[in-house]
Amino acid sequence: MQQGYRAMARVFGVVFPIVGAAAIVGGKFAEHFVAGQLRSEEITMPGAEDIEREVGIGLVSEQDATRLRPHAGMTLSSGDQARIYADHYVLSHMIFAAEKAGVPRDKATYAGVGDFAQELTLELRDEVRRDNPELGPGEVNALARAEINDPESDYSLARRIKSLHELRAENFFMGNSIRGMLLNAYGWWLLGQIAKWAGCGLIGLGAALFGGSWLGRRD
């Protein structure tokens with residue numbers, strides 16, 4: 001029985017380091033690939049002065065600034081930097097724009113802004129109906145849509161709804177696209193880091209098994 005265990009230990013003592021070495025190579029490839037892709041985008045972290053200025057006006061929080069400061073002015077070149085830029089800079093700007101537009105914080109998302117705009121649209125329809133009691137439901141809806149598309153509408157609610165549509169299309173759609181790209185890069189970079197550490201562990205485990213099998217034989 002012990003001979004069988006020793007034989008298996010020697011086999012795995014050879015296999016594990018091979019698999020571990022392959023994992024390390026794969027992890028380094030993922031790391032270098034992500035770094036190359038990020039550098040090609042030439043996305044730069046805000047400089048130190050810009051970070052402090054944006055903290056002062058509320059564009060980024062102090063918590064976000066704490067994560068940004070060590071990378072101030074750097075061009076993104078790692079998955080970790082990509083995540084920090086996505087979650088503590090781009091997202092912060094998106095939320096700031098939403099709050100400035102009067103969107104509740106719990107609705108400061110692409111879908112949430114759309115829901116909020118729809119709620120205001122229902123209010124606008126009620127307002128149009130009150131001003132035009134002779135109109136039917138379809139005519140009220142059509143007039144409300146026309147007011148939303150009119151930049152000089154007399155209805156302040158219509159102008160606000162239009163600004164929310166623009167916020168959703170320009171700020172949240174574009175912001176989420178950028179965040180998606182950056183967080184995808186972070187995901188691949190993280191897998192590469194895990195692969196490298198797992199590879200080191202397998203090499204160490206393989207060496208221990210292989211060495212132990214021969215020591216056990218001498219005993």
### Query
Near Lys162, which aspartates and glutamates are there with a Cα under 15 Å away, not counting those fewer than 8 places off in the same chain?
Asp115, Glu119, Glu123, Glu147, Asp150, Glu152, Asp154, Glu170
### Task
Find the Rg to Rh ratio for segment 133-176, where Rh is the Kirkwood radius over alpha-carbon pairs and Rg uses the same atoms.
1.13
### Message
Give the aspartates and glutamates whose C-alpha is closer than 18 Å to that of Lys196, dropping any in the same chain fewer than 8 places away, or say none.
### Response
Glu31, Asp80
## Note on the structure
Relative contact order as a percentage, the chain, C-alpha pairs under 8 Å and 6+ apart, gives 40
### Query
Once amide H atoms are built 1.01 Å from N in the peptide plane, which residues 5 or more positions from Ile43, or in another chain, come under 5 Å H to H?
Leu76
### Summary
Taking Lys and Arg as +1 and Asp and Glu as -1, residues besides Ile24 with C-beta under 11 Å from its C-beta add up to +1
### Neighbour-limited loop hits for GluC sites (Glu not before Pro), segment 22-67 (at most 14 other Cβ within 10 Å; DSSP other than H, G, I, E, B)
Glu42
### Message
Using a Gaussian network model on the chain with a 10 Å cutoff between Cα atoms, which of Pro151, Pro133, Pro46 fluctuates the most?
### Response
Pro133
## Note on the structure
In a Gaussian network model of the chain with springs linking alpha carbons closer than 10 Å, the residue among Val34, Val103, Val140 that fluctuates most is Val140
### Query
Between rounded, prolate and oblate, where does the chain land on the alpha carbon gyration tensor, with a ≥ b ≥ c its root eigenvalues, rounded for a/c under 1.5, else prolate if a/b exceeds b/c?
prolate
### Message
I'd like the GluC sites (Glu not before Pro) in segment 142-180 restricted to DSSP loop residues with at most 11 other Cβ atoms within 10 Å, sorted by number.
### Response
Glu152
### Task
List, in order, the whole-Hz ³J(HN,Hα) value for each residue of segment 167-172 obtained from phi through the Karplus relation with A = 6.51, B = -1.76, C = 1.60 and θ = phi - 60°; use x for Gly and Pro.
4, 5, 6, 8, 8, 7
### Task
With springs only between Cα atoms under 10 Å apart, run a GNM on the chain and tell me which of Leu76, Leu68, Leu143 wobbles the most.
Leu143
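Any read-out appearing in this document is the output of simple, stated calculations on the displayed coordinates, not a laboratory observation. Keep in mind that what you see is a predicted model, and the values were worked out from it rather than measured. FYI the Cβ positions are ideal-geometry reconstructions off the backbone, even for glycines, and counts take in every protein chain you see.
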